[in-house]
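One structure is given here, and the rest of the page talks about it.
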Amino acid sequence: MRAVICRAWGGPESLTLEDAPAPTPGPGEVLIGVKAAAVNYADTILIEGRYQTRPAFPFAPGLEAAGVVLECGAEVRRFRPGDRVMALLDHGGFAEQATAREAETFAIPAGMDFETAGGFAIAYLSSHVAIRWQAKLEPGETMLVLGSSGGVGLTAVEIGKALGATVIAGASSAEKLAIAESRGADRLVNYVAESLKERVMALTEGRGVEVCYDPVGGELFDAALSSLGWGGRILLIGFVGGIQQIPANRLLVKHRAALGSSLRYFRQRAPDKLSRSADELIAWYGAGKLRPLVSKRFPLSAVPAAMAELLQRRATGRVIIVVA
Ligand SMILES: NC(=O)c1ccc[n+]([C@@H]2O[C@H](COP(=O)([O-])OP(=O)(O)OC[C@H]3O[C@@H](n4cnc5c(N)ncnc54)[C@H](OP(=O)(O)O)[C@@H]3O)[C@@H](O)[C@H]2O)c1
């Protein structure tokens, strides 16, 4: 099979498209004939050797995929060959075939195409588990979403609305804010052109927000923390802007909480919550509450160019690798 291979830690340009042996499904695993896979920011860190896991060389990156079940390993109960599925992977999605654990494989709902499905699982599940189980967002609360047109950020906007919150979307340009608005954001803030804290305080009549969803971090974190009201919760989702230090006194004085949320935790330690999140997201999709955005498509031969979209801050919604 054709696969995009990483043979040494480095940038996207070091990846090569090669013929590679097809994986075989172990017990409890399915083999997927991959149709589409999304590029996640984490892929760019994975190939540099800076991610939470460091696969043995050679390996194919690609942390999720959608396609058709080709084969089921022993003990697989819910799927059979021919089923349309999307799955969370350890890696290996940028290839014609990939294996996935049954518990992290989900049936593609009716009406969802493979490209949409290839970019559904990580972005929506990461945001849902964070907002639902970690921040425990309540209807009527206000949530500020940073990087709100990006892969995970845009899903946080939609999930906030589906849970009955008021959503303030933050992004770096008018074009990106228009995308967040198209997915339901109530209020908008361009955090490059204006002060995030001042604008959020103006929008909330000086109260601040109850929840901030932050996949950006770095220099923006200070203003994000200041935008929280009394008892506010800030979700630490990612650090595309750099890893910040958190001044503990500023949590205490306003009774605030900084909450790390890792999809990996739910995959490994709370599979029941992961599965309930998947059920709710698929139900919302069926009810028309979610409108996943696939903004760009690249062939398997152009994975480096697709990764550059994210690294150069141009990506919106999902950037998809069309495999077959
Ligand atoms: N905790 C979890 O479970 C979990 C799960 C999935 C992803 N993540 C993390 O979430 C983060 C975002 O991932 P993603 O796949 O959604 O990426 P993405 O699509 O590239 O979105 C990142 C967003 O961050 C903003 N940004 C600010 N500074 C940036 C910079 N220097 N370079 C690139 N973007 C910048 C951009 O919006 P503006 O230009 O509008 O600022 C962009 O839309 C990553 O750190 C990823 O590892 C965490």
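Post the alpha-carbon centroid distance, the range 145-224 to the range 54-129, in whole angstrom. What the calculation gives is 30 Å, centre to centre. Solvent-accessible area of HIS255, all protein chains in place: 140 Å² (probe radius 1.4 Å, heavy atoms, ligands and nucleic acids excluded). Straight-line reach from LYS136: taking Cα to Cα under 18 Å and skipping same-chain neighbours fewer than 8 places apart, the lysines in range are LYS161, LYS273. Taking every protein chain into account, the 1.4 Å probe leaves TRP9 with about 80 Å² of accessible area, to the nearest ten. For the range 10-92, GluC sites (Glu not before Pro) are listed when DSSP marks them as loop and at most 12 other Cβ atoms sit within 10 Å of their Cβ; the list is GLU75. At the residue level, VAL152 shows approximately 40 square angstrom of accessible surface with a 1.4 angstrom probe and all protein chains present.
Modelled spin-label separation between TYR51 and ARG7, with each label point placed 7 Å from Cα along the Cα-to-Cβ direction: 2.0 nm. Can you list the residues of the range 171-189 with backbone N under 19 Å from a point 7 Å past the Cα of GLU309, pointing along Cα to Cβ? Residues passing the 19 Å test: 172-183.
A cut-off under 12 angstrom between Cβ atoms defines the neighbours of ILE282, and their net charge, with Lys, Arg +1 and Asp, Glu -1, is 0.
Bridgeable lysines around LYS296 (alpha carbons under 19 Å apart, same-chain partners fewer than 8 residues away excluded): LYS35, LYS176. Normalised per residue, the accessible area of the range 124-264 is 39 Å², obtained with a 1.4 Å probe and no contribution from ligands, DNA or RNA.
Given the peptides 30-37, 317-324, arrange them by the average over their residues of other C-beta atoms within 10 Å, most packed first.
Packing proxy ranking, top to bottom: 30-37, 317-324.
Note on LYS197: lysines with a C-alpha under 17 Å away, same-chain residues under 8 apart excluded, are LYS254. GNM remark for the chain: springs join alpha carbons under 10 Å apart, and the peak mean-square fluctuation among ALA121, ALA60, ALA20 falls on ALA20.
Please give the calculated 222 nm ellipticity per residue for the chain, where each DSSP H segment of at least 4 residues contributes -39500 (n - 2.57) and the sum is spread over every residue; nearest 500 deg cm²/dmol? Don't skip to the answer; put the middle values down first.
Working: 11 runs with 92 residues, N = 324.
Mean residue ellipticity, 222 nm, calculated: -8000 deg cm²/dmol.
For VAL253 and ALA22, the difference between the fully extended length at 0.36 nm per residue and the C-alpha to C-alpha distance is 77.6 nm.
May I ask for log10 I(q)/I(0) of the range 1-145 at q = 0.09, 0.10, 0.17, 0.22 Å⁻¹, from a Debye sum over the Cα atoms as equal point scatterers with solvent left out? Once normalised to I(0) and log-transformed, intensities are -0.30, -0.37, -0.95, -1.32. Taking R0 as 45 Å, what FRET efficiency do you get between SER182 and ALA74 from their Cβ-Cβ distance, rounded to the nearest 0.05? Calculated transfer efficiency: 0.50.
The values are calculated or read from the model by the stated rules, or taken from the named source; none is laboratory data. This is a predicted model, so every value here is computed, not measured. No Cβ is skipped: glycine too gets one built from the backbone with ideal geometry, and neighbour counts run over all protein chains shown. SASA here: full protein model, heavy atoms, side chains in, ligands and nucleic acids out. Shrake-Rupley method; radii C 1.70, N 1.55, O 1.52, S 1.80 Å.
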